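The values are calculated or read from the model by the stated rules, or taken from the named source; none is laboratory data. Please read these numbers as outputs of a predicted model, since none were measured by experiment. As a convention, Cβ positions derive from the backbone with ideal geometry for all residues, glycine included, and neighbour counts pool all protein chains shown. These area figures cover heavy atoms from the full protein model, side chains too; ligands, DNA and RNA do not enter into them. Shrake-Rupley method; radii C 1.70, N 1.55, O 1.52, S 1.80 Å.
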Amino acid sequence: MPDEASADLSHIAIIMDGNGRWAKQRGLPRQIGHERGVEALRRVVEACRDIGLQYLTVFSFSSENWKRPASEVSALFGLLRLYVKQDLARLKADGVRVQILGKRKGLPDDILKLLDLAVSETSGNSRFTLNIAFNYGAREEIVSACKGLARQVEAGEITSDDITEDLFAGSLWGQGIPDPELLIRTSGEYRISNFLLWQIAYTELVFMDVLWPDFSEGHLESAIQSYRDRDRRYGGLSVDETSS
Ligand code: IPE
Ligand code: IPE
Ligand code: MG
């Protein structure tokens, strides 16, 4: 694992996918796959913090995951409860700030309390931010930003001409968090599944054929290497083409 994330890599986002298939391949209940997925998350949080990354955003429950059977949804909530209860003290001691990205509506009260606790207990930390996307859907996030701005226009606080990309970005749930430079999706699926649609306009995407519970530091290192090998042109030309 490299000692430091390069100066141009501060934020990695991960779609942690493949827990169910991992369990199925072993003839185990999906719940076990999710439990092993939490262990992978612990490894990755530590590795990202150790390499000097500033932000890690993980997709842990999507607004579309409500379509799953109630037993699976409650197992996923149960895991979040366990994660916060078991890991909060260590996250706090390790300098990790926890932030939540997602809609509160629809979540059980005790989950909301735990999420609030994780945020408030770690709010003094600044070294590394773990954003947990929970009950998150990017289209909902965008619509919610639009509604917020529309209300400000209605109230006469701003005019429609004041709405810029920066103002819009600042109205999203993760305000203040820079866009991820790198997005990793595990499990071999090549889709975004309604994650961070606005924020990934110029993000480098790395799709990996590994199921999330098997994701290791080596996989993280290889994703970062792929990122470093990319030529980020942002619609312009490569540096060598510009200078010739
Ligand atoms: C990712 O694993 C965890 C969540 C979506 C919450 P899945 O549960 O989607 O696992 P697969 O895709 O069925 O293998
Ligand atoms: C995306 O995975 C959501 C999370 C990892 C939380 P899904 O397994 O829900 O995505 P689809 O259904 O394959 O698109
Ligand atoms: Mg999946």
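The residue that is least open to solvent (accessible area, probe 1.4 Å), counting only those in region 186-221 that are assigned to a helix (DSSP H, G or I) and away from ligand 2 (no atom under 14 Å from the Cβ), is LEU220.
Return the only residue of ARG97, ARG81 being open to solvent by 60 Å² or more (accessible area, probe 1.4 Å), under 17 Å from the mean Cα position of the chain (by Cα), away from ligand 2 (no atom under 16 Å from the Cβ) and not acidic (Asp, Glu).
Working: ARG81 fails: under 17 Å from the mean Cα position of the chain (by Cα).
The match here is ARG97.
When the residues of region 56-73 are filtered to those that are surrounded by 12 or more Cβ atoms within 10 Å (Cβ to Cβ) and free of Cβ contacts under 8 Å to residues at least 24 places away in the same chain, which remaining residue is farthest from ligand 2 (Cβ to nearest atom)? If we take residues in region 56-73 being surrounded by 12 or more Cβ atoms within 10 Å (Cβ to Cβ) and free of Cβ contacts under 8 Å to residues at least 24 places away in the same chain, then VAL73 is farthest from ligand 2 (Cβ to nearest atom). Residues that are more than 16 Å from ligand 1 (Cβ to nearest atom) and within 22 Å of ASN65 (Cα to Cα) within region 116-144 comprise ASP116, LEU130, ARG139, GLU140, GLU141, ILE142, VAL143, SER144, listed in sequence order. For GLY156, all conditions in the list (1) under 28 Å from ALA47 (Cα atoms); (2) part of a loop (DSSP other than H, G, I, E, B); (3) not hydrophobic (A, V, I, L, M, F, W, C) hold save one; what is the number of the exception? So GLY156 meets the others, but not (1). Does any residue of region 133-141 turn out to be modelled with pLDDT under 95, in contact with a strand residue (DSSP E or B) (Cβ under 8 Å, 6 or more places away or on another chain) and within 28 Å of SER226 (Cβ to Cβ)? Scanning region 133-141, I find no residue that is modelled with pLDDT under 95, in contact with a strand residue (DSSP E or B) (Cβ under 8 Å, 6 or more places away or on another chain) and within 28 Å of SER226 (Cβ to Cβ), so the answer is no. Applying the criterion of being surrounded by 16 or more Cβ atoms within 10 Å (Cβ to Cβ) and more than 14 Å from LEU56 (Cβ to Cβ) to the residues of region 169-185, the residue that is nearest to ligand 2 (Cβ to nearest atom) is ARG185. Residue pairs whose Cβ atoms lie under 8 Å apart, separated by 6 or more positions or on different chains, with the first residue in region 11-31 and over 14 Å from THR186 (Cβ atoms) and the second near ligand 2 (Cβ under 9 Å from one of its atoms), are ARG30/ASN19; ARG30/GLY20.
Within the bounds of region 222-231, is there any residue that is of a type outside the set (Lys, Arg) and part of a loop (DSSP other than H, G, I, E, B)? Write out each step before concluding.
Taking region 222-231 as the starting set, the residues that turn out to be of a type outside the set (Lys, Arg) are 222-227, 229, 231.
From what is left, the residues that are part of a loop (DSSP other than H, G, I, E, B) are 231.
Within region 222-231, one or more residues are of a type outside the set (Lys, Arg) and part of a loop (DSSP other than H, G, I, E, B).
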